[in-house]
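A short reminder: the numbers here are calculations on the coordinates, not readings from a lab. Treat the numbers as computed from the prediction; the structure is a model and nothing was measured. Every residue, glycine among them, receives a Cβ derived from its backbone with ideal geometry; neighbour counts consider all protein chains shown.
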């Protein structure tokens, strides 16, 4: 047996350059061990049998035992047959494990067909719990690219990809004694599922720069993989992105110094992405400027980040009618039009670009290779919805962590086509929709404005989009004008930035047969904190907290259950840039210590880590001594009048301290009708707005969120 094992190990090592990391954890696990692993290919069992010490027992379906190729393996491993139809199989396996065996079980029960973790069965968790065995997680990485997978057409396959086995520290399954029977089994399954998620996340390399990841994606998916397109319909593959961005980097390098923040005032277009990576490759920090802020907001952002150079486009300035804004900016910064750079293009620049596209690791600028994962990768700006915009500095590692967290829970693959109309100065758009796509071999289609409600559904239909990103406001607008078949190819609809109304969710279900996957986050968290997924979904929540994120809830007087949410993790920003101290980085910190970010949101988190948003701390009113959530009032109004937009703010009141004012686009909105609805549906009388103001449109920020400072200004102006 030992000789056969050594021969097989030599062959596999020769072909797949197998690397085993963490073998010391195998020995720490003790005698009674349940080994769990992700199931990527037909090679998985053989890899574990050959590269782990001792003779391993494999739990195997009785039908699999009948396969001809299984029998030769009995020379090096022991099989324990399990019949899914026989409930006694689990009991028998538990008894076998209790005799101090090292036994392997694949909790997914099958080889993945998505490239990510699939359903985790409760049975293995119960086995570990009842047997008292240590759980030893092992990540198998690389085999998903071999010819022995079920991922043909999903992953780029190779003859002999490098394979790595990472053995993590042993753990135990512990469940509260209050659970019994089937509930105990379910809880054990949840613990095991979390172990599997944490295993995938913790063994994925996030300690790399965005340029490193771009080149890794090119190596994995091939330089000819198309990953970027816009309304000009000139798709770009990795080779073309590297060619164009490297040429552009040569031209941009003459206008700034290493580590300088450089502004990008550009729309959703290929050029913006090329400019972003051009700056990355020469160790400049792209600062994504929000052109919907107006001159004062933009100037504040530029001063805060100490930006001296801004790149824009003449065509964009003309189409967006920003000529006056551009003239004002020219007085403050070096405003450079990308079209003007062409006159400085030389044949040396073109040759440099060609070599960079063919051999980027050899020919890219040496400055990029000095950039560290913890260095600043981008500067984004908060919307200013609560005052002067702040600069949010995200590192390469911050963004890589969030990309990994999302990839651990959602089955992205290279066949996906993401339609992204959200502006790239918004973190949800930049990271979750664009960089996740580009750096994982998927194609992202950039559309310049999310407000084109009639056009975007047509675009989705024409490009065969499989994923759509939006906010409640935008998604509602698309659904209103879309044909029932426009979203025929869409697999997932992701929503963020604002709460998804029940009516919007129901509309997508009824009209398109789609479930909106709502998430939650902030620019400061790169941005996603939690996300509903196809595998883990709870109506009314914003999903489960992503792997690698810790949280604390600070109690708030008058609000039970729930509290103010603080989070910590590798996706939390490097820090703020504030207008009061331009250019000075203020690292993330709060009353819970360094690295803890105060979201400013009041949430409730259930036992399964699903988050339900109750509102922002600043979005509560105190009326007659009672705390009233303005978000809850908006939700009530939306249920009463679902076809229009609403915003509720609080303003001073001499009698009750504060009063509620509703601004709505509903014509002839009557307080009497709203009061009757509230009474009929058992809402508190305190939730009925004192005053209603009707508007044709509500003021919105570029991200699609309601501009509450402007709403409050209107409410105060109309105060009687």
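A few notes on this one:
- Binned Cα-Cα distances of segment 2-202, short to long, each 10 Å bin given as a whole percent: 9, 35, 40, 15, 2, 0
- Order of 573, 82 - criterion: other Cβ atoms within 10 Å of each residue's Cβ, fewest first: 82, 573
- Three-way shape label, segment 1-95, alpha-carbon gyration tensor, a/c 1.5: oblate
- Here the average projected area of the convex hull drawn through the C-alpha atoms of segment 310-442 stands at 11.6 nm².
- Computed packing ranks the peptides 229-236, 46-53 as 46-53, 229-236, most packed first, by mean other Cβ atoms within 10 Å.
- Computed FRET value (nearest 0.05) for residue 315 with residue 159, which takes r as the C-beta separation and R₀ as 41 Å: 0.35
- Mean separation of Cα contacts under 8 Å, 6 or more apart, over the residue count of the chain: relative contact order %: 9 percent
- Burial order of peptide ranges 250-263, 705-718 (average beta-carbon count within 10 Å, highest first): 250-263, 705-718
- A simple spin-label model places the labels of residue 186 and residue 63 2.7 nm from each other, with each point 7 Å out along Cα-to-Cβ.
- Label-point separation in nm, residue 198 to residue 363, each point 7 Å along Cα→Cβ: 4.6 nm
- Shape category assigned to segment 406-517 from the gyration tensor of Cα positions, a/c cut at 1.5: rounded
- Per-residue extension of 0.36 nm, minus the Cα-Cα distance of residue 296 and residue 174, leaves a gain of 38.4 nm for this segment.
- Principal-axis tilt of helix 472-481 within the chain, Cα atoms, nearest 10 degrees: 90 degrees
- By the helix-only formula, in which each DSSP H run with n ≥ 4 contributes -39500 (n - 2.57) and the sum is divided by residues, the chain has a 222 nm mean residue ellipticity of -9500 deg cm²/dmol.
- Cα-projected label distance for residue 667 with residue 375, points at 7 Å along beta-carbon direction, nm: 5.9 nm
- Bins of 10 Å, starting at 0 and running to the largest distance - Cα pair percent for the chain: 3, 13, 22, 24, 19, 12, 6, 1, 0, 0
- Sequence of 641, 347 once ranked by neighbouring C-beta atoms within 10 Å, starting from the fewest: 347, 641
- Computed FRET value (nearest 0.05) for residue 618 with residue 231, which takes r as the C-beta separation and R₀ as 35 Å: 0.40
- When Rg and the Kirkwood Rh are both derived from Cα coordinates, the Rg/Rh ratio for segment 191-235 amounts to 1.20.
- Mean Cβ count within 10 Å, highest first, over the residues of peptides 17-30, 161-174: 161-174, 17-30
- Binned Cα-Cα distance frequencies in segment 220-361 - 10 Å width, integer %: 11, 40, 34, 13, 1
- DSSP assigns beta bridges within the chain; of those with both partners inside it, close to 50 percent run antiparallel.
- Sequence of 418, 529, 94 once ranked by neighbouring C-beta atoms within 10 Å, starting from the fewest: 94, 418, 529
- Residues residue 6 and residue 219, FRET efficiency given R0 of 41 Å [Cβ-Cβ distance, rounded to 0.05]: 0.80
- Computed extension length for residue 95-residue 27: 22.3 nm, one decimal, from 0.36 nm per residue of separation with the Cα-Cα distance subtracted.
- Full extension of the chain between residue 323 and residue 455 yields a length gain of 45.0 nm, computed as 0.36 nm times the residue separation minus the alpha carbon distance.
- One quarter of the convex hull surface built on the alpha carbon atoms of segment 486-630 amounts to 11.5 nm², the projected area averaged over directions.
- Square roots of five times the Cα gyration tensor eigenvalues for segment 624-717, Å: 20, 17, 12
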